[in-house]
Each structure stands twice: as structure tokens, then as C-alpha cells.
1. I'm trying to understand the selection: among the residues of segment 47-100, which are touching a Lys or Arg at 6+ places or on another chain (Cβ under 7 Å) and of a type in the set (Asp, Glu)?
2. Only one of Asp71, Asp53, Asp44 is part of a helix (DSSP H, G or I), acidic (Asp, Glu) and exposed (fewer than 15 other Cβ atoms within 10 Å of the Cβ). Can you tell me which?
3. Within segment 37-81, take every residue that is at pLDDT below 85 and under 30 Å from Leu125 (Cα atoms) and give me the one that is farthest from the chain's Cα centre (by Cα).
Amino acid sequence: MLQRAGHIRKPTRGDLSDLRRWAREYEPVARETASDLYKRLNRDARAILRLSDDEHLTAPVKKLKRLTTIDLKDLRGLISRAENVSDQRDGVKLAGRTFGVGLGAAVRNKQIEDATAEVETYYLLRFSA
């Protein structure tokens, strides 16, 4: 995604039509990438949850699934808002929303790292020789 997104010209500050252009160009790249990632994670999580009832494994897997669902929803919401910016007021609201989502994403990223480490630790302790 980063490589494909890097080819999209960033919007000019204060230019709402350019912001909408950027959102239209960025949306398919972000949606495809996020959807692919979410589908893989969701598929793997479902498989793990079907195969194990060990809470030491299922709890962090459920957490990963929940956190990535929130991230995907936030990303789609921001892109949709950017596509529909109609005036400066909408632009300011979008900037505020982006800041809030960014803070939430930073917290979630730490939680995702922690849950991933829990899964890795589970496998290392459970299956190491």
C-alpha cells in the first residue's frame, strides 16, 4: 500500500477540491490493502478460534481481531469524510477527526503489538523444543 499510495500526489493545503481528489485516488488503494489484510487476519483468527479453546491463545487473537476491525472502520470513515468535504468547516472537522483517529490508532497499535507478542509467546512456550 505504501508504495502505491506514495504515487498519489498529496492534497494542497486549504484546497478542498484537491483534498477530495486525493481521497478519491487514495480510497481504492487503502480499501484494497486494508480489506486484504483484514480478510487474512479474520480468516486466520477464525481458524485459530475453531482449533483451540485455550484462553491464553484465544484472548489475544480475539483482541487482535477486534482492534483491526476498529482500525478498518476508522480508515474507511476518514476516507469517506475526505471525499465529502464541501467547505472549510468540513475540512476543519476532518482535521480534528483525523487527529482523534490518529491518537486512537497509536494506542491500538501498541495494543496490537502486545497481543501479537502474547500469541508469539504462547507458541514459543507451547511448541519450543
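1. Passing the criteria: Asp71, Glu83.
2. None of the other options fit; the residue is Asp44.
3. Lys39
Let's see how each residue does on (1) among the aliphatic types (A, V, I, L, M); (2) free of Cβ contacts under 8 Å to residues at least 24 places away in the same chain:
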| site | (1), (2) |
| --- | --- |
| Arg43 | no, yes |
| Ala59 | yes, no |
| Lys65 | no, no |
| Ala82 | yes, no |
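The values are calculated or read from the model by the stated rules, or taken from the named source; none is laboratory data. Note that this is a predicted model, so its numbers are computed, not measured. Note: ideal-geometry Cβ built from the backbone for every residue, glycine included; neighbour counts use all protein chains shown.
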